[in-house]
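Participant: Below is a structure I'd like to ask you about.
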Amino acid sequence: MSKIEHKSVPVNGLQMHVAETGEGPVVLFIHGFPELWYSWRHQMQFVAAHGYRAVAPDMRGYGDTTGAPLEEPSKFTVMHLVGDLIALLDAVAPGEEKVFVVGHDWGAYVAWHLAMYRPDRVRALVNLSVPFIPRNPEMNPVDSFRKLYGDDHYICRFQEPGDIEAVFEKVGTKEVLKNVLAYRDPAPLYFPKSKGFIYSFDRAPWLTEQDLDYYVSRFEKTGFTGGVNYYRVSGLNWELNAPWSGAGVTVPTKFITGEYDLVYHTHGTKDFIHGGGFKKFVPLLEDVVVVEGAAHFVNQERPDEVNEHILAFIKQF
């Protein structure tokens, strides 16, 4: 098994921590919330063993990546995040015009926009959990979630700076991560103000104590503000994406989700994925995989299946 190496790369005003392993065509892995490069540990080793170079950064505001102004959510827009990745690719793979991209959760959202803004840099895309979501010109996504689920929905609770951080601090970093990473309920996730953090799960069986300790060590150092800022700029992203209203993604794509993923069960999402809407906006969508029995963190919960799905797809290009 090849060794994962770590380095810090100056990109877009940040010092971006990057993990990489293997040699060959680049596969860029983009993590979500509340995660790190480490979320891709299984996939990195697997693609490296099959002739690819796996590159996985800690995204802006996460882990060992430094330089992001946490107190300024407006510096966490999808424009900034895609800009970070373009600069990273220019730095670590200057000879590769196009790379494979794999994203999960917020990483999938960023990957969709990377492919939409810069299709010239993406050879093929595998996204997990979060499908492409067309821009609704009538309403920004935070207002949409508030209308559907009310003020206690987690995306709405995440909007006020410092609010959810205070809740998480009271609960404790390890308990927050243990609960969120083990969440398997397809129902919407709520953080009621009147009840605080009400979920209580054992550690996810796919997450070893060593794995959990790694996550805890990084989030105890950084806090959760960097990751929560991604949610806080949802309205600003909506404004900035006005030029792309009606646009889609035109690179070869595969989509993977878990049967119990709460995103998959969001209002209207299943119909969009399976009823033709997804394919309309992602015309080169070649496959949709629903992993039976899996939940949101499917790449960590069911790594062997996800690994095979990723490899089978990127081998075609």
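Participant: What longest range of the chain stays clear of loop-exposed trypsin sites (Lys or Arg not before Pro) (DSSP non-H/G/I/E/B, at most 11 other C-beta within 10 angstrom)? Let's see the in-between values first.
Facilitator: Details: sites that count: Lys3, Lys193, Lys195, Lys315.
Value returned for the longest uninterrupted segment is 4-192.
Participant: Something else: Mind telling me which of Gly103, Gly63, Gly235 comes out most flexible in a GNM of the chain, alpha-carbon contacts under 10 Å?
Facilitator: Gly235
Participant: Hey, another quick one. Can you tell me how the chain classifies by the Cα gyration tensor, rounded, prolate or oblate, using a/c under 1.5 as the rounded cut? Intermediate values should be presented prior to the final figure.
Facilitator: On the way: a/c = 1.30, a/b = 1.15, b/c = 1.13.
Judged from the Cα gyration tensor, the chain comes out rounded (a/c under 1.5).
Participant: I've got another one for you. For the stretch 153-278, calculate the relative contact order in percent as a whole number, restricting contacts to Cα pairs under 8 Å that are 6 or more residues apart. If you can, show how the numbers build up before the last one.
Facilitator: Numbers: 80 pairs, mean separation 42.5, N = 126.
This gives 34 percent for the stretch 153-278.
Participant: In debye to the nearest 20, how big a dipole does the chain give about its Cα centre with +1 on each Lys and Arg Cβ and -1 on each Asp and Glu Cβ? List each step's numbers first, then the result.
Facilitator: Numbers: 30 positive and 40 negative charges, 79 e Å.
Value, rounded to 20: 380 debye.
Participant: With r as the distance between the Cβ atoms of Lys315 and Ala242 and R0 = 35 Å, compute the FRET efficiency 1/(1 + (r/R0)^6) and round to 0.05. List each step's numbers first, then the result.
Facilitator: Details: r = 38 Å, r/R0 = 1.07.
Result of the calculation: an efficiency of 0.40.
Participant: Among the listed pairs Lys254/Lys279; Lys147/Lys279; Lys147/Lys170; Lys174/Lys195; Lys75/Lys174; Lys3/Lys98, which are separated by more than 21 Å between their Cα atoms?
Facilitator: On the way: Lys254/Lys279 11 Å; Lys147/Lys279 26 Å; Lys147/Lys170 29 Å; Lys174/Lys195 19 Å; Lys75/Lys174 27 Å; Lys3/Lys98 25 Å.
Exceeds cut-off: Lys147/Lys279; Lys147/Lys170; Lys75/Lys174; Lys3/Lys98.
Participant: Accessible area per residue for the chain in Å², computed with a 1.4 Å probe and the full protein assembly in place, what is it? List each step's numbers first, then the result.
Facilitator: Working: 12880 Å² over 317 residues.
Normalised by residue count, the accessible surface of the chain is 41 Å².
Participant: Further question: When a/c reaches 1.5 or more, the comparison of a/b and b/c decides; with that in mind, is the stretch 1-89 rounded, prolate or oblate per its Cα gyration tensor?
Facilitator: Working: a/c = 2.25, a/b = 2.01, b/c = 1.12.
Here the stretch 1-89 falls in the prolate category.
Participant: May I ask you to give the percent of accessible area on the chain that is carbon plus sulfur, with a probe radius of 1.4 Å? The partial results should precede the final answer.
Facilitator: Numbers: 6690 of 12880 Å².
The value for the chain is 52 percent carbon and sulfur by accessible area.
Participant: To continue, here is another question. So if R0 is 35 Å, what FRET efficiency would Lys170 and His6 give, r being the distance between their Cβ atoms, rounded to the nearest 0.05?
Facilitator: On the way: r = 32 Å, r/R0 = 0.93.
It comes out at approximately 0.60.
Participant: Between Ala91 and Leu284, what FRET efficiency comes out of the Förster formula 1/(1 + (r/R0)^6) with R0 = 25 Å and r the beta carbon distance, rounded to 0.05? Don't skip to the answer; put the middle values down first.
Facilitator: Working: r = 28 Å, r/R0 = 1.12.
Using R0 = 25 Å, I get an efficiency of 0.35.
The values are calculated or read from the model by the stated rules, or taken from the named source; none is laboratory data. Because the structure is predicted, anything quoted here is derived from the model rather than measured. So basically every Cβ, Gly included, is an ideal-geometry build from the backbone, and we count neighbours across all protein chains shown. All accessible areas refer to the heavy atoms of the entire protein, side chains included, with ligands and DNA or RNA removed. Shrake-Rupley method; radii C 1.70, N 1.55, O 1.52, S 1.80 Å.
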